[in-house]
Structure formats: structure tokens, C-alpha cells
Amino acid sequence: MSNKKEAYLCVSAILRAREPRLLDNEKAERMLDAASFEDAAKILTDCGYADMSQMTAGEIEEALAQHRSEIFEELGKTAPDGTLIDIFKLKYDYHNAKVIIKAEAMGQDATRLLSGSGRIPGLKLLELYNEDKRIQMPETLAAAMAEAKATLARTSNPQLADFVLDKAYFAELQKAVDKVGSSFLKGYASILIDSANLRSAVRTLRMGKNQDFLAEVLIPGGSVGLERLTAAADKDSLAALYTHSELEKAAVLGGEALSGGSMTAFELACDNAVNSYLRGARLICYGCEPVVAYMAAVEGEITAIRMILTGRLAGIPPQTIRERLRDLYV
């Protein structure tokens, strides 16, 4: 047995053993039904989190970020292929890039909104950007930040600058996925792109933009061709493109959103479609798939915890929070 195979057997077994500690629907319901915010927060200690019952919203965010960083660091040391962890760190690089570009244009301080979960910690990326040390940054990221800055200066439209960075993010994501060579991981990248494109199509139509605008913002690499998507969007027949796919329900809700239906329900269905795909990793005993699924599960868990705790802290009714929660992995 190869060393890499042995390593995947080991880390897969460890992560399978940890899955029962992840936040599941039963624990999430207990948090929502708890008598107080403090009681809700204490439930999370069973999931391996620090006691957040006395924390402010800002402190909760810091604790969740620290939890994520610790898992990334651990898996970076134990997983045979470090590219897997980079796949999840990428989105934080591009989140930070968006924050930095917009803050610079508005003359604001970016530090409060930066994440430390990227390949380059947010504060370090800001330092490199301010000192024009592009050579020390990932090449695609550096080029995209320069293009986004120029786009924002030329158009004064932050959304167009975001589109530049989104395309670069997905280009890096696909390159990393191809490097690993897993069909499951390629499918994961594909459904992320399909979900992003479906969201773009619905938002574009709701804003009354034309096909040319949509063609500019769509990302190549998904399972639905860009020409088919722009044509279908023009004919208001998005749902037909996603029949018998994970995004079928989301596409139907997207069509309803174009006629005055709920955008929240549509966005939630897009997220849930990605989660449904990831659950397929449960059928794979070992390899990169359980690692990818576990990291995605932790990301989804953190999103749910943030929503529940900050919602309870702010006095938002549990039912309102419940309606916005994504499906959980376990």
C-alpha cells in the first residue's frame, strides 16, 4: 500500500469518527428553542467549540474564525495533498481582495473586515498590496486585484470589480481541482460554478439587465453551457436547463423569484444543492473526498452557528432564523 493511500485511510477514518460531533439539525433546533442565548451557545461545546455564552457578536466571529483556522491548519498537516486545503482557503483570499479594493476606493480602513483564513492572512495581503509587492502574491490573485482596481476606477461600479475577482477565483479553483485529479472534486467545482451562474442569471434578470451584461458575468466551467444559459435567461426558461440536476429546485424557485417570489428561498436552495452534492462523499470510504466533504461541512456549520448565535443575541425570533438556515451535512 502506498504512503499516500495509507495517509488517506488514516485521515478519512479520523474525520468519519468526528462527523457525529458536527452540528446537526437536532442540535440546531435545540439552539433555536433554548431559553436564552447563553443556553444556546453552551450546546456548541458538545461540537468542540469554545464556550461562547458570554461573548459579543464580534467575539463570536473571532472564535468561529479561530475554529476554522485550527481545522485548516490540522488538515494541512495530515492530508496527503495540501491543495485540498487551498481549495477552501481560496475564497477567503478573494473575499479579502474585494474588501481591500473597495476600502481603498472609499478611503476606508479594511482591517476589520479581513479574514485570516486565506492562503495569505488578510493583514499580510493588505501589507503586500499597499507596498506593491505583487511578486510575493499568487500570480492570478495579484493580476485580478490590479484589474479590479482599474475596473472600479473606470466605472465606479463595485459590482463589476467583484465580477473580475469572482472569475479569477473560479479560475484558480478549477486549476487546483484539476491538480488533484478527483472526479468528485471536479463535480464539486462544477456545481459551485453552476450555482454562481444561476444566481447571476436570476439577479441580472431581476435588475432588468440584458444578455450582453449576463454574458460578461457568467463563469465558464460549469455543467450548463454559457450560451445555453444566456439564451434560456432571455426566454425566461431557466428551470428547464437544470431538470434532473441538484439545482432543479433552485432553478424553479429562481423562476418564481423573477415573478415576485422569495429571493431568500432561491438563495437557500442554491446553497442546499451544493450541500446535497457533498453528501455523496459518504459513499466513498477514503480518499480526498471525505476530507473535502468534512471541510465543507465545517464551513456550513460555522455559517449556521453564526446565524443562530448572532440572531439570538440580537433578539431575532427563532422562526425567522430557522427559515434562513441551510441544510446541514449531518
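The values are calculated or read from the model by the stated rules, or taken from the named source; none is laboratory data. Here the structure is a predicted model, which is why all the values come from computation and not from measurement. Heads up, the Cβs are rebuilt from the backbone with ideal geometry, glycines too, and the neighbour counts pull from every protein chain shown. Note: accessible area is taken over every heavy atom of the protein model, side chains too, but ligands, DNA and RNA are not part of it. Shrake-Rupley method; radii C 1.70, N 1.55, O 1.52, S 1.80 Å.
The number of residues in the stretch 62-80 being of a type outside the set (Phe, Trp, Tyr) and touching a residue at least 60 places away in the same chain (Cβ under 8 Å) comes to 8. In summary, helices (runs of 4 or more DSSP H) completely within the stretch 32-124 and bearing 3 or more residues that are surrounded by fewer than 20 Cβ atoms within 10 Å (Cβ to Cβ) and within 23 Å of the chain's Cα centre (by Cα) occur at 57-78, 83-106. Of all residues in the stretch 149-208 being in contact with a Ser or Thr (Cβ under 6 Å, 6 or more places away or on another chain) and among the acidic types (Asp, Glu), which is surrounded by the most Cβ atoms within 10 Å (Cβ to Cβ)? Within the stretch 149-208, the match that is surrounded by the most Cβ atoms within 10 Å (Cβ to Cβ) is ASP194. For the residues LEU173, LEU198, the requirement of being at pLDDT 90 or above, in contact with a Leu (Cβ under 8 Å, 6 or more places away or on another chain), in a helix (DSSP H, G or I) and within 26 Å of ALA65 (Cβ to Cβ) singles out LEU173.
Scanning the stretch 125-140 for residues that are under 25 Å from the mean Cα position of the chain (by Cα), open to solvent by less than 100 Å² (accessible area, probe 1.4 Å) and free of Cβ contacts under 8 Å to residues at least 12 places away in the same chain gives GLU127, LEU128.
None of GLY280, GLY254 is outside any loop (DSSP other than H, G, I, E, B), modelled with pLDDT under 85 and within 20 Å of the chain's Cα centre (by Cα) except GLY280. Exactly one residue among ALA250, ALA265, ALA269, ALA273 is open to solvent by less than 50 Å² (accessible area, probe 1.4 Å), touching a Cys at 6+ places or on another chain (Cβ under 6 Å) and closer than 26 Å to GLY300 by Cα, and that residue is ALA250.
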